[in-house]
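The values are calculated or read from the model by the stated rules, or taken from the named source; none is laboratory data. In this text, all values refer to a predicted model and were calculated from it rather than measured experimentally. Cβ atoms come from the backbone with ideal geometry, glycine included; neighbour counts cover every protein chain shown.
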Amino acid sequence: MSIHIAAAKGDIAESILLPGDPLRAKFIAENWFEEPVRFNEIRNMFGYTGRYRGARVSVMGTGMGMPSLSIYVNELLREYGVRRLVRVGTCGGLTEKVKVRDVVLGMSASTDSAVNKVRFAGMDYAPTASFHLLSAAYEAAKTAGLSAHVGPIVSSDSFYTEDPDQWKLWARFGVLAVEMESAELYTLAAKFGAEALAILTVSDHLVSGEATPAAERETRFKAMVELGIASVLS
C-alpha cells in the first residue's frame, strides 16, 4: 500500500487506463472489464482491476491537473510496477482541424507549468508519447474506421486564464488541443522507463465555442476508451 493508493502488491495490472474523473474509471470498469475488483477508494479516487478479452488491465482516476496526476502516477510507477499508462480524458480543441467529439492522440505535450523548469534546473524538457502506444492507437483507429488526429497538445496549469486569447499562440504553432495532465504523465513515464500516451476526446472548442454536456463527458466517449484499451494491451 502506498500513501494515496490502498492496493496491495499485485492488485494493479502492468497496463492501466487513467481518466481524470474517478466516476469515468468506475464506468469503464463496469462496462468494459470482466469481473472488475476495486483496489482503491481513498479520497473517492476509484481504481479497478479486471480483464478485457482475457488480458489483465486496470483503470484509475487521477483528478484534475498535473499535481494530482503526479501523485498517483509516481506511486503507480514506483510502488506497483505499472509499465504502460494511457490517459483517456477530454480536451479543448484549438484548431478547426479537430471537431467536438473527435479523438486526438497526443504526440507531444507542451506546457505552461513550471514543474519541469524546476525538475530540470531551468532547462527545457520535451515530454513525448511512447511511439509504440501511439502507433498501436493509430492503427486501431484506422481499423475501426475512426478519424484520430495525431499531433502536439498543451497541458495547462490554468483552466481559467487571465488572457482569454492565450490559446491562440499555441494554435499558431500547430498545437491541436489543450488539457491539464499529459506533460507530467509523459515526463514521469520517461523517468521510470515506462510507456505513456494521452488519448483525448474533444469535449469543447475554443474556436467554435461548442461544448458537450458534463454527463456525456463522464459516460459517452466510447471510441477513446476502446482505443486506449487496444493500445495499452498491444
Considering each of 201, 187 in turn, give the residue that is crowded, with 16+ Cβ neighbours inside 10 Å, touching a residue at least 24 places away in the same chain (Cβ under 8 Å), touching a Phe, Trp or Tyr at 6+ places or on another chain (Cβ under 8 Å) and assigned to a helix (DSSP H, G or I).
-> 187
Checklist (1) of a type in the set (Ser, Thr, Tyr); (2) part of a strand (DSSP E or B); (3) over 25 Å from residue 153 (Cα atoms); (4) in contact (Cβ under 8 Å) with a residue 40 or more places away in the chain applied to residue 48, failing item = (4)
Checking residue 72 against (1) closer than 16 Å to residue 153 by Cα; (2) outside any strand (DSSP E or B), the condition it does not meet = (1)
Which one is surrounded by the fewest Cβ atoms within 10 Å (Cβ to Cβ), of the residues in the range 75-112 that are out of contact with any Leu (no Cβ under 9 Å at 6 or more places or on another chain) and not in a loop (DSSP other than H, G, I, E, B)?
-> 78
Among 173, 159, 192, which is the only one that is within 28 Å of residue 75 (Cα to Cα), out of contact with any Gly (no Cβ under 9 Å at 6 or more places or on another chain) and hydrophobic (A, V, I, L, M, F, W, C)?
-> 192
For the range 165-173, does any single residue satisfy the condition of being over 13 Å from the mean Cα position of the chain (by Cα), assigned to a helix (DSSP H, G or I) and within 19 Å of residue 233 (Cβ to Cβ)?
-> no
For residue 193, the lone unmet condition from (1) over 15 Å from residue 17 (Cα atoms); (2) at pLDDT 95 or above; (3) not in a loop (DSSP other than H, G, I, E, B) is (3)
Taking the condition of a type in the set (A, V, I, L, M) and free of Cβ contacts under 8 Å to residues at least 24 places away in the same chain, does residue 66 pass?
-> no
Filtering the range 47-74 for residues that are basic (Lys, Arg) and surrounded by 22 or more Cβ atoms within 10 Å (Cβ to Cβ) leaves a count of 0
Of the residues in the range 154-181, those that are in contact with a strand residue (DSSP E or B) (Cβ under 7 Å, 6 or more places away or on another chain) and more than 17 Å from residue 90 (Cα to Cα) come to 170, 174
State whether the residues of the range 128-148 include one that is aromatic (Phe, Trp, Tyr), closer than 22 Å to residue 191 by Cα, out of contact with any Cys (no Cβ under 6 Å at 6 or more places or on another chain) and surrounded by 12 or more Cβ atoms within 10 Å (Cβ to Cβ).
-> no
